[in-house]
1. Exactly one of these conditions fails for residue A:311: (1) touching a helix residue (DSSP H, G or I) at 6+ places or on another chain (Cβ under 9 Å); (2) within 11 Å of another protein chain (Cβ to nearest Cβ). Give me its number.
2. Does the range A:52-79 hold any residues that are crowded, with 23+ Cβ neighbours inside 10 Å and either more than 20 Å from residue A:135 (Cβ to Cβ) or without any contact (Cβ under 8 Å) to a residue 24 or more places away in the chain (or both), and which are they?
3. Of the conditions (1) buried (at least 24 other Cβ atoms within 10 Å of the Cβ); (2) more than 34 Å from the chain's Cα centre (by Cα), residue A:184 fails just one. Which one is it?
4. Within the range A:266-296, how many residues turn out to be assigned to a strand (DSSP E or B) and in contact with a helix residue (DSSP H, G or I) (Cβ under 8 Å, 6 or more places away or on another chain)?
5. Determine, yes or no, whether residue B:109 is within 30 Å of residue A:213 (Cβ to Cβ) and buried (at least 18 other Cβ atoms within 10 Å of the Cβ).
6. Report, by residue number, each residue of the range A:51-77 that is more than 22 Å from residue B:367 (Cα to Cα) and within 14 Å of chain B (Cβ to nearest Cβ).
7. Among the residues of the range B:113-133, are any at the interface with chain A (Cβ under 8 Å from one of its Cβ atoms) and in contact (Cβ under 8 Å) with a residue 60 or more places away in the chain?
8. Which condition from (1) surrounded by 18 or more Cβ atoms within 10 Å (Cβ to Cβ); (2) under 30 Å from residue A:189 (Cβ atoms); (3) more than 7 Å from chain A (Cβ to nearest Cβ) is the one that residue B:217 breaks?
């Protein structure tokens, strides 16, 4: 069986990057930059004051203190957004607001707290300080590389892009992902549930996972456990970039998904259908209609875990993202874990902080049909293939999948 | 001056929880549950097989092994989604698929790998195992509390809600947040920039911060540094639940924002206007038009940091979220930090993992006008008010504001 990394590599080989599109800055949050951002301007655009105060000639103010105040004639007030009209000459000063351009002649600022206005003059109690001047181009200069291609746009990047005057941003397109659940036992939420049915949860969970990683889900509904219904339902995936099918990939009599990879895969076929992970051994990947297609397990926990490990990174690669994988930290395991050798285990778990250290504990029953193991989980404990027992107190690797609650957090 | 916690407490006092609304499950991702979710059903709904295999009577199979195989007559095949028609009696078995209901009479499963079909019979090489039966109600029972009020809906919760058959979900409404930038020097992205102007970045950054925490931004544009323009622009905030104003809260001649709190605050007024943090000392909070209103600093870094510390938690309180604060971890500081005593510092920083431990380093120039300190930053280092020097190698508290890149991560 393939390791998770071997499977990821085989998947990445089939992923082409999406094209780029321009979006308004106000819609760019969460998208991935498709080109590097180079500054088209100097910032600040002019020398300006970092303080409310007075613009002066430093040599004019030497020796000024509360004990030995000096006086200067105020020739102008410069608000932010105004252009100074007058040049500072010895014996004069201009009142200046934070961010306002430095007037000609001035080479220092005295902050307002160190001054006292007296009619047309100002008494100063400190020497002028050149450090209170923000220099043109101090933050960035025309031609500087500001943001790298592949960066995910957070609010901070939105502000930076706005400060560059960019109202439209080039980002990678969002991949369209068709999602099909299979199984005669499945009932959709809008239908009355028969006595022998369960609700289709995989379609909804996978749609949300696709949205969260930046994709656009295309729901294809539920296919019955027949070859013909499966193929009919998949016809609707023609617009999609990728296809997810859950269920029907195991060794049962009604597991037709594997056959679809060869039957309809013009120029396609199956890359693999088993992977050394738990939950999730029956995970198929290949091409259907020439499109990268995952045959995910039908058990709801297995479907979501295999998405996180083998679909999510691929959708991020398609979007050109620099970061493809879930963040990993080390934590102290709070209880013994036993497993069989051979597969890597992804155990739903609660990661919390105690005494400044990460601790992690499984969230109860790990049966792959039991979605409730996700309720308190904000992490996967990752136990390597070869391990059969990990003792409480060991350091283990943990992937983060949710917020670390402040209840267990440190107060700042 | 108030501490950050004292300011947060004064703010929380003015925040009323938003009302609830029903949304389709497919739109529920990221929203906050406004009621607890109790199961309306047993899951699984019936005893069923956890394996593809054969349903048998355990006592019928005693002693079966590869050395001593036994034979049973196969009376039925039960796919998932079907109701078993026949009762298992001694000497018989039914072929059964994963998830299919257990037939009457059966009390154990033999997995397919331990069997071999021979005509109408099956040869079995293992004893039937009751552990391969998933019992009715094993995952959840009618009446069980499944999800708490205040939980943020992740993809995992979406799947759980679907498995309960819930197509509509009650969530807290998204707060509407009016956003106004002030300053004669500001130019909007859609306007030609004058030689004495800089682009308005605060409105865009704050809009994105509001969206990311679940709010709906209402952009009010830019107000000039006059009392009348400020008040005119604020009239458009009548639909909003909250108001953010950036700039105009300091001690300059054109800082009118503080006056607005008293002037237009019918039943309102200013709760505070200074806070012991850096960046961000000039942070005002109070009521304008009876609505909770923040006067954020005009410097772009200060505006975003004070949002993260004093607005974000309030918007989460308004949405009834259990988690209000940024996650905090401890990390080893990689360089010396010096500061003045008196204010708590929030230093933009890069948090990474080395040798299984968190390390953190400031991202260069920390000037509050320099947004580029956010580019590589995924964290704030929090240095307490009283500290003046923190040495490299010390453990410091760190708030997480971005993904921890896998480049520095551990391979799982």
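The values are calculated or read from the model by the stated rules, or taken from the named source; none is laboratory data. Bear in mind the structure is a predicted one, so any value in this text is a computation, not a measurement. All Cβ positions, even for glycine, are placed from backbone atoms using ideal geometry, and neighbour counts span all protein chains on display.
1. (2)
2. Result: A:72, single match.
3. (1)
4. The qualifying residues number 17.
5. So residue B:109 fails the test.
6. Once the filter is applied, which keeps residues that are more than 22 Å from residue B:367 (Cα to Cα) and within 14 Å of chain B (Cβ to nearest Cβ), the range A:51-77 yields A:74, A:76, A:77.
7. No, that holds for no residue.
8. (2)
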